[in-house]
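The values are calculated or read from the model by the stated rules, or taken from the named source; none is laboratory data. Every value quoted in this text rests on a predicted model; they were computed, and no experiment measured them. Cβ placement follows ideal geometry from the backbone for every residue including glycine, while neighbour counts extend to all protein chains displayed. Protein only, heavy atoms only, side chains kept; ligands, DNA and RNA dropped before computing areas. Shrake-Rupley method; radii C 1.70, N 1.55, O 1.52, S 1.80 Å.
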Amino acid sequence: MQKNLKELEDVIAKAIKKVGARKENDLCKYLPVTTGGYMHHFTLRKMKKKNPQDLANIITEFVINSNRPLVVSPKPRAARGSRKRRDQMSFTKWQLERMLNIARLAGDKEIISILSPKKSLASYKRELIQAIRQNKVEQELWNGYIESVNSINALTETYANSLK
């Protein structure tokens with residue numbers, strides 16, 4: 001076992017010198033793994049303790065016996081935020097419109113407010129003024145306006161309390 005560790009240290013030293021690395025962990029970029037990409041430095045440490053002969057063979061094959069050791073490209077990773085949440089259902093615009101119409105027919109104001117697209121206070125004001133000019137009464141617009149004003153007042157109150 002002691003002999004394997006000594007051999008491994010010699011192999012690592014030769015490999016570091018050959019690739020011009022500064023430290024042992026820099027060798028990882030030259031050692032491919034079966035799962036794709038290069039070897040992680042934790043894996044290198046683990047192999048150094050548990051499988052020194054295997055690690056020495058890998059380093060010898062890909063660094064020492066290679067004419068020009070190649071840097072292995074990193075393992076492809078998923079983009080940030082690309083994981084889909086499985087606990088939330090996603091609906092198409094058409095499906096949301098259908099559910100909104102069903103809620104309107106049922107007269108369920110809570111579901112209507114949840115499914116209705118959120119607008120700014122200014123857009124609610126503008127649409128309410130247009131409805132008034134056209135002599136139309138739109139309860140959903142009024143409810144949305146009230147909800148928007150209440151949320152702004154709550155935010156303002158919270159901000160004022162945080163300053164005290």
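Summary of values
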read-out	value
Checking CYS28 against (1) in contact with a strand residue (DSSP E or B) (Cβ under 6 Å, 6 or more places away or on another chain); (2) at positive phi, the condition it does not meet	(2)
Identity of the residue in the stretch 115-139, modelled with pLDDT under 80 and open to solvent by 60 Å² or more (accessible area, probe 1.4 Å), that ends up nearest to SER90 (Cα to Cα)	PRO117
Search result, residues across the stretch 48-57 that are open to solvent by less than 70 Å² (accessible area, probe 1.4 Å) and within 18 Å of VAL19 (Cβ to Cβ)	LYS48, LEU55, ALA56
Selection status of LEU105, open to solvent by less than 70 Å² (accessible area, probe 1.4 Å) and either of a type in the set (A, V, I, L, M, F, W, C) or touching a Gly at 6+ places or on another chain (Cβ under 6 Å) (or both)	no
Exclusive hit being basic (Lys, Arg) and within 28 Å of the chain's Cα centre (by Cα), set LYS29, LYS50	LYS29
Hits in the stretch 1-12 (condition: part of a helix (DSSP H, G or I) and more than 15 Å from PRO69 (Cβ to Cβ))	GLN2, LYS3, ASN4, LEU5, LYS6, GLU7, LEU8, GLU9, ASP10
Candidates LYS18, LYS48, LYS29, filtered to the one that is touching a residue at least 24 places away in the same chain (Cβ under 8 Å), of a type in the set (Lys, Arg) and over 15 Å from VAL71 (Cβ atoms)	LYS48
Among the residues listed as THR92, THR60, the single one being out of contact with any strand residue (DSSP E or B) (no Cβ under 6 Å at 6 or more places or on another chain), exposed (fewer than 10 other Cβ atoms within 10 Å of the Cβ) and either under 30 Å from ASP10 (Cβ atoms) or at pLDDT 85 or above (or both)	THR92
Residue check for PHE91: touching a helix residue (DSSP H, G or I) at 6+ places or on another chain (Cβ under 9 Å) and either under 30 Å from GLN139 (Cα atoms) or part of a loop (DSSP other than H, G, I, E, B) (or both)	yes
